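Only one structure is covered here, and it is reproduced in the block below.
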Amino acid sequence: MSANSTAPKDAAPQAIQETAPQVSSPMPSQNASGVEVPSAPESQNGPAVALSVWDAVAIALVLGFVALMGWALARKRRERARDIGAEPDLPRLDEGEAGKGAGQIDADGDRALESAERTAEAATSQETTEAQPAVPLSKAELEAQRKEAYRAKKARDLEAKEARRRAAEARQREEEEAAKAAQRAIEEAAAQKAEAERQKIAAEAGKTLSEGLARTRGGLVAGLNAFWRKDKAIDEALLCELEEVLFGADIGVKTSMRLIEFARDKLKRQELGDADKLKSALMDEMRRIVGVRAAPIDFESKKPFVLMVAGVNGAGKTTTIGKLAAKLTGEGKKVVLAAGDTFRAAAAEQLEVWGERSGATVVRGKEGGDPGAVIFDAIKRGVAEGADVIIADTAGRLHTKAPLMEELCRVQRVMDKALSGAPHHILLVLDATNGQNAIAQAREFNAALKLDGIVLTKLDGTAKGGVVIGICDELKLPIRYIGIGEAVADLRPFDGEAFVNALFE
Ligand SMILES: Nc1nc2c(ncn2[C@@H]2O[C@H](COP(=O)(O)OP(=O)(O)OP(=O)(O)O)[C@@H](O)[C@H]2O)c(=O)[nH]1
Ligand SMILES: [Mg+2]
């Protein structure tokens, strides 16, 4: 029977309900007690998979959590692997990998750990020469071995570094030694050259006294000789003639008159029978005048012995100082020269040339500077360096210029401030070619400075050598040296008797 035919009229809505598509209501139905009960999903073609949105979110959360745990675990293993020396290219989880499943992450971590262990083992086997223990080493042991190997390598590195440092030091020492040796060689060569120069200077023969006095002989002595040849009676008229010859020889007025008085006295006492007697009497008197032999300068009486040199322009001060320095260094003395002539251009250079030739130290200042300051410095330096002799040059000056003479006195006082008692000796340099004017110079300088002695230069270049007799007679100052030429040997200690003999030989 068909349902349509048997179904009552009021059953029609029911049929419609049965044939109409079943639409699941998303809304929960209510049971008898009014509690909401979720409707069971139904489908004619199998179980229905209709999940709610909340279920999907919950499942996603759970999966996410599991993935996170896996990632964290893998990371921890990777760090452990790195700690024990795994290669830095261990797999890393980046954000893209974060989505890998936990199993994959675990596998990555294991690989990282294995790699780290392999690396540690390789390092250990490389560092240790001993055979590997048969028993596999624990991680702690491997770690200890690795540390030990690291320490050994570090020690070797340090040793190598130390060896390199020692080698560098040795190289530097060798270079310094070589430089010092080269410097010593240069200094020795310079010293040898200086010594050779000194010996050469000392060996320069210079003139004999007789040669040096040749011109004077041509003046004074030639005049006297001509006089002696006059076969005349020795009388007052002859003595007047003699006086003129003596004046002409620059012996000086006073000394000439004194000599004539001496001859007149002899004549009165009838001791001058002929010209020869007159000649020998005069020579004796001259020898007596110049022969007052002063003791030579004792350069060893003080240490340092300070000598001051003064004189008019061009008298020969600097040359005399140079010659003297050469003589003193030749005797083995340490000499300091003070370039106190700050006035004349190139005066210091001239002294420096002498310093080089003689091996003396030259202390100089600025051109136009204070001469006292330069000499002060030189004395201080000489004292500090243990010099034996300090010689101070000064600028040439006219003995008639009071301010210049006063400046010289000031320099003398400054020297005493630098070293109490200095200068120990003051020498006046006189140019013999100045003749009688030299006597006037000596008088003025002596009044200002209280001279200790005289150097008479250029006797080789003048006929006025008779001035020596005048100087000795009038000034009562010892002539310490005479200059008879340009060579060092031409500066000679003055010997009055030898001088007179050389004149009249
Ligand atoms: N022939 C000869 N010449 C000399 C002698 N002494 C010095 N001379 C020369 O005289 C000249 C002047 O000598 P210096 O030593 O410069 O004279 P100075 O007194 O220092 O001169 P200033 O510093 O200008 O006052 C130089 O050419 C020297 O060579 C000597 O005994 N004989
Ligand atoms: Mg000079």
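Each value in this text was obtained by applying a stated rule to the coordinates, not by laboratory testing. Since the model is a prediction, treat every value here as computed from it, not as a measurement. Note that each Cβ is placed from the backbone with ideal geometry, even for glycine, and that neighbours are counted across all protein chains shown.
Quick notes
- Of the residues W354, W54, the one with the fewest other Cβ atoms within 10 Å heads the list, and the complete ranking is W54, W354.
- The residues S301, S280, S358, when put in order of fewest to most other Cβ atoms within 10 Å, stand as S301, S280, S358.
- Long-range tail of P(r) for segment 315-450 (Cα pairs > 24 Å, %): 26 percent
- Counted by Cβ distance under 11 Å from D341, the other residues give a net charge of +1, where Lys and Arg count +1 and Asp and Glu count -1.
- Model label sites at L63 and V135, defined 7 Å from Cα along the beta-carbon direction, differ in position by 4.9 nm.
- Ranked from largest, the principal axis spans of the Cα set of segment 261-360 equal 60, 32, 20 Å.
- Neighbour-limited loop hits for trypsin sites (Lys or Arg not before Pro), segment 332-372 (at most 14 other Cβ within 10 Å; DSSP other than H, G, I, E, B): R344, K366
- Overall Cα dimensions of segment 378-505 - principal axes, largest extent first, Å: 49, 34, 23
- Note on E352 and E236: their simple-model spin labels are 6.6 nm apart, each label 7 Å out from Cα toward Cβ.
- Proximal lysines to K207, defined as alpha-carbon separation beneath 26 angstrom and excluding residues fewer than eight positions away on the same chain: K193, K317, K323, K327, K333, K458, K464
- Ranked list, fewest to most other Cβ atoms within 10 Å of each Cβ, for K450, K266: K450, K266
- Between A402 and R164, residue separation times 0.36 nm minus the direct Cα-Cα distance comes to 78.2 nm.
- For C409 and E300, the FRET efficiency from 1/(1 + (r/R0)^6), where r spans their Cβ atoms and R0 equals 25 Å, is about 0.35.
- Estimated FRET transfer efficiency when R0 is 35 angstrom, pair A56-Y150 (beta carbons, to 0.05): 0.05
- For D431, residues with placed amide H under 5 Å, excluding near neighbours: T457
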